[in-house]
Amino acid sequence: MAYDLIAAVDLGSNSFRLQIGRVVGDQIYPLDSLKEPIRLAAGLTTDKMLDGPSRARGLEALARFGERLRGFDPGAVRAVATNTLRVAKNAGAFLVQAEVALGFPIEVIAGREEARLIYLGVAHTLPGSRQRQLVVDIGGGSTEFIIGSDFQPRLLESLFMGCVSYSLRYFPGGHVDRRSFKAAELAARMEIQAIAGSFRETGWDLAVGASGTAKAIADLLELNRLNPGGGPGITLAGLDALKAALIKVGDVTRLQMEGLRADRIPVLPGGLAIMSAVFHELAPGVMVFSEGALRLGVLYDQLGRYHHADLREATVTQFMQRYDVDRHQAARVSRTAQALLGQLAPECEAPDHPQARFLLWAARLHEIGNSIAHAGYQKHGAYILAHADMPGFSKRDQASLSRIVLAQRGKLGRLRDCGMDSWEWLLSFCLRIALVFHRSRSDAPLPPITARVHGNGYELCVDGDWLDRSPLTAAVLQEEQAQWAELEMDLHIDRESRITSRHR
C-alpha cells in the first residue's frame, strides 16, 4: 500500500526523535519533526537497568509523539530503538508501556542494522557517486562506522561507546581535565583499533559525520574558526583546539563558544573524545557533516525504493514537475548555456563536470519562480531554491544554485555583495546570454555564437547581419554590456559577418 505520509520514530540513547515525511514519487520531503533530549543512557544503572526517571521521560515524550501520529496507518509508521534498549535488562517491560504511549509497535534493532539505516539516510542527503564514503555516527550509547558507495554499504560496524555513556564515565559532573580526556580518548581508540584495519584496507574518498555530535562539533569548529584557515567541516587541528579550550575552562558548563547549544553541553566532552579518537585511528583528514541520519534511513527503508543515480537529478526532475516548468524552453536554454560554458572553460565540456551539472540544473529550474508570479520570477525562484527541501543538495549547494538563478536577469550590480564566487559569475553569464537568445521561446535556428574570455570579461562573436535583423536581441546585448560594466567587467560584442567560417 502506498502512503502519502510516512513517519519514523528513533528511540536513541541520547534523544528521541520523530520525523514525518511526505512521499513524492521516489523521494521523501521532510514535513514535520520533533526532538526530545531524553538521555536514556544516563538512566542506565551499573547493573544495566533503566531507572524510573529515564523511563518516565521516555514515556512522556512518546505520548507526545503519539498525539502527533494519530490517524496514521500502522504501516506508515516505523519506530526503532537503539543501543540503550539493546542492553537494558528491563527493556522488555519498558517497551510494553512505550508502545501503549506511542500507539505503534517498537522494534529494537541490532547495531549493524542501525549502521545500515544510518548509511541509507546519509546516502540520500549526498550526491550519488561511485566514490566510497566513510560515515561515522556518534550516538548516545554506540558509535556506528560504515563504508559504502552510492546506496550500498560495504562495511558495517557498531561499537559500544557513545557521547552520553562516555560523558558520564569519564567526565562526571561536567569536569574536564587533561587526564580524564586522555583516558576517554584512549578507551575509544582501543575500541576503534578492532575495526581500523579492515576500514583502512577498504579505504574511502569522503569522510562524513552524521547526527548530533558531529553537527555540534562541526558547528563549533566553523563558527569559532578553530579549523586551519577557518574552513568548514571537522579536522584534527580543530578538534585539538576545541579540546584545549575545554580543558582550559575545566568545566563544560563554563565553556563559552558561539554555536554551543544548551542540550549538547552535558554530552560534549564524551562526544569530543570519541571524535578525536576516530581522527587519530582512521585519519579521515577533513570530515563533512550530513543531515541524514537513522530516522531518514528508516523512512527510505519504509519506502523501499532506492535511487541508483545522482539523487540531485531526481530532485531537479521532481521540481520541474512540481513547478510546471516549460521543458522545451528549459532544453533550449540548457543547450545554449552549456555550449557557451564549454567554450569559456573547456575543462567543463564533460557533462558530468560539477560546474556543467550546476549550470544544467540552473537552466532547467530558472523559471520555477513563474509558479508564484512572472514579475520578479527570478527572485521567487531563488527563494524556493534556497529554502525548499531538495534531497541530495547540501544547503551550500542550494545557496549556490539560488544565486545563479537570481542572477539570470536584471541588475547585476545589486548582486555584488551576495557572496558569488568566480564560478557562479561564469555560470550566471552563460545562463543570462542563453536567455537573451531564447527570449522568443522559438525553435528557429540561432546564428553561430562563440564566446571566449576577453581581458577582465568576455567576448561574444555573433553574425552582424543576423543582429541587424534582430534589433531586440541587439538592444538587450547592449544592456548586458552595461550590466557587466557595473561589476567592472567587460563584455565585448564582435559583430563578425564571416563568423561561421572562422569559428566552426
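The values are calculated or read from the model by the stated rules, or taken from the named source; none is laboratory data. Just so it is clear, the structure is predicted and the values come from calculations on it, not from any experiment. When we count neighbours, we look across all protein chains shown, and the Cβ atoms used for this are built from the backbone with ideal geometry, even at glycine.
For the stretch 110-139, a tally of residues being under 25 Å from T213 (Cβ atoms) and part of a loop (DSSP other than H, G, I, E, B) returns 9.
For the stretch 304-326, enumerate the residues that are modelled with pLDDT of 90 or more and surrounded by fewer than 13 Cβ atoms within 10 Å (Cβ to Cβ). Write out each step before concluding.
First, pick out the residues of the stretch 304-326 that are modelled with pLDDT of 90 or more: 316-326.
Answer for the stretch 304-326, where residues must be modelled with pLDDT of 90 or more and surrounded by fewer than 13 Cβ atoms within 10 Å (Cβ to Cβ): Q321, D324.
For A42, the conditions (1) out of contact with any strand residue (DSSP E or B) (no Cβ under 9 Å at 6 or more places or on another chain); (2) farther than 19 Å from G212 by Cβ are fulfilled apart from (2).
If the condition is being touching a Lys or Arg at 6+ places or on another chain (Cβ under 7 Å) and either crowded, with 24+ Cβ neighbours inside 10 Å or closer than 17 Å to G285 by Cβ (or both), then the stretch 141-152 contributes only I147. Among the conditions (1) surrounded by 16 or more Cβ atoms within 10 Å (Cβ to Cβ); (2) aliphatic (A, V, I, L, M); (3) not in a helix (DSSP H, G or I), the only one that A373 does not satisfy is (1).
For S371, the conditions (1) closer than 28 Å to E291 by Cα; (2) small (G, A, S); (3) in contact with a Phe, Trp or Tyr (Cβ under 6 Å, 6 or more places away or on another chain) are fulfilled apart from (1). For the stretch 177-205, taking the residues that are charged (D, E, K, R) and part of a helix (DSSP H, G or I), the one that is surrounded by the most Cβ atoms within 10 Å (Cβ to Cβ) is identified as E185.
Looking only at the stretch 212-224, decide whether some residue is outside any helix (DSSP H, G or I), under 29 Å from the mean Cα position of the chain (by Cα) and surrounded by 13 or more Cβ atoms within 10 Å (Cβ to Cβ). Scanning the stretch 212-224, I find at least one residue that is outside any helix (DSSP H, G or I), under 29 Å from the mean Cα position of the chain (by Cα) and surrounded by 13 or more Cβ atoms within 10 Å (Cβ to Cβ), so the answer is yes.
From the list L255, L242, which residue is without any contact (Cβ under 8 Å) to a residue 60 or more places away in the chain, among the hydrophobic types (A, V, I, L, M, F, W, C) and surrounded by 21 or more Cβ atoms within 10 Å (Cβ to Cβ)? Can you show your working first?
Details: L255 fails: surrounded by 21 or more Cβ atoms within 10 Å (Cβ to Cβ).
It is L242.
Scan the stretch 161-169 and give yes if some residue there is over 14 Å from V267 (Cα atoms), in a helix (DSSP H, G or I) and of a type in the set (S, T, N, Q), otherwise no. The answer is no, given that none of the residues of the stretch 161-169 is over 14 Å from V267 (Cα atoms), in a helix (DSSP H, G or I) and of a type in the set (S, T, N, Q). For S428, the stated conditions hold: it is of a type in the set (S, T, N, Q), within 26 Å of the chain's Cα centre (by Cα) and crowded, with 17+ Cβ neighbours inside 10 Å.
Which of the helices (runs of 4 or more DSSP H) contained wholly in the stretch 1-109 include at least 3 residues that are at pLDDT below 90 and surrounded by 14 or more Cβ atoms within 10 Å (Cβ to Cβ)?
Values: elements: 52-68, 83-87, 91-102.
Where helices (runs of 4 or more DSSP H) fall fully within the stretch 1-109, none carries at least 3 residues being at pLDDT below 90 and surrounded by 14 or more Cβ atoms within 10 Å (Cβ to Cβ).
Scanning the stretch 397-425 for residues that are aromatic (F, W, Y) and either crowded, with 19+ Cβ neighbours inside 10 Å or farther than 14 Å from E486 by Cα (or both) returns a single hit, W423. Here R116 fulfils each of the conditions (1) among the charged types (D, E, K, R); (2) within 30 Å of P269 (Cβ to Cβ); (3) touching an Asp or Glu at 6+ places or on another chain (Cβ under 8 Å) apart from (3). Here R439, R357 are screened, and the one residue that is basic (K, R) and under 21 Å from L491 (Cα atoms) is R439. Taking the criterion of being out of contact with any strand residue (DSSP E or B) (no Cβ under 9 Å at 6 or more places or on another chain), among the aliphatic types (A, V, I, L, M) and surrounded by fewer than 21 Cβ atoms within 10 Å (Cβ to Cβ), the residues of the stretch 261-286 that qualify are A262, I265, A283.
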